[in-house]
Amino acid sequence: MYTETIIQTLSVCGIIAFAVSGAMVAISKHTDIFGVTALAVVTATGGGIIRDTLLGILPPKIFLDCSYVLIAAATALIVFLSAWLGKDYYRRNTEMLDGVNNIFDAIGLGIFVVTGSQAAIDYGFLHNGFLVIFIGTITGIGGGVLRDIMVKEIPFVLKKRIYALAAVSGSLVFYILYTAGCHYAVSAFSGVFFTFAVRMLATYFKWDLPSAY
């Protein structure tokens, strides 16, 4: 029960964080209210859909319980209304808002890396570390990849700021602490924090993996 409470709390926080990120990207692309809502929902739930499909959970959980979709949609509407009522502020502070978006995206990434890893453990793959870390990573990055494809951009994970590496490392930290028998809250929040910290450091110091040219 204790573990479930932590996971549910993290999941709601992750849905909100990724919904904000998706909505802000949609607003920056000048989509209408439906586009903002759709992109927010896809960003918030896409990774979970991919996770459930890979684990053989069909239909994916969000189609059996629409609460997460409703939370994402409500978050998107709040962001849309904020932008609509503060058009001039949004136009004048684009760079600052990009930074805010990056923070929410990093929070969502860290949370979903942990909840995705936990899902793989719950379905009996505790001793398959590769699978646990892969599922954690794909849960974290999946929604963002779908979001970027929908707005016709190369997915952020493929080009900038140590994104996938942060997800892998956060999942690895969670898995190591979990299998070592650490207190569950310590394992979970360490995984979230490590992912978030790597993303923020990569953004601040402009760390990128090398490209061909």
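Quick notes
- Nearest-10 value in Å² for the accessible area of Trp84, using the 1.4 Å probe: 140 Å²
- Spin-label model distance (nm) - Phe63 vs Cys13, 7 Å beyond Cα toward Cβ: 3.0 nm
- Note on exposure: Met96, Met24 ranked by accessible area (1.4 Å probe, complete protein assembly) read Met96, Met24, with the most exposed listed first.
- Candidates Ala180, Ala23, Ala166, ranked by Gaussian network fluctuation over the chain, Cα under 10 Å, top entry: Ala180
- Across Lys152, Lys29, the residue with the most accessible area heads the list, and the full order at a 1.4 Å probe is Lys152, Lys29.
- Annotation: lysines with alpha-carbon distance below 17 angstrom to Lys61 (same-chain offsets under eight excluded): none found.
- Alpha-carbon centroids, segment 89-149 and segment 12-31: separation in whole Å: 13 Å
- With the simple spin-label model, which puts each label point 7 Å out from Cα in the Cβ direction, the Met200 to Val186 separation comes to 2.2 nm.
- Once the 1.4 Å probe is applied to the protein heavy atoms, the chain comes out at 52 Å² accessible per residue.
- At an R0 of 41 angstrom, the distance between the Cβ atoms of Leu70 and Ala212 translates into a FRET efficiency of 0.40.
- At least 18 Å along the helix axis (C-alpha) and Kyte average at least 1.0, DSSP helices within the chain: 2-28, 33-54, 67-85, 129-150, 163-179, 184-205
- Of the three principal axes defined by the Cα atoms of segment 93-213, the extents in descending order read 44, 26, 24 Å.
- The apolar share of the surface of segment 13-99, taken as the fraction of accessible area on carbon and sulfur atoms (1.4 Å probe, ligands and nucleic acids excluded), comes to 69 percent.
- Computed FRET value (nearest 0.05) for Glu4 with Glu95, which takes r as the C-beta separation and R₀ as 41 Å: 0.55
The values are calculated or read from the model by the stated rules, or taken from the named source; none is laboratory data. Keep in mind that what you see is a predicted model, and the values were worked out from it rather than measured. Don't worry about glycine lacking a Cβ; one is built from the backbone with ideal geometry, like all the others, and counts go over all protein chains shown. For the accessible areas, the whole protein counts, side chains as well, though only heavy atoms, and no ligand, DNA or RNA atoms are used. Shrake-Rupley method; radii C 1.70, N 1.55, O 1.52, S 1.80 Å.
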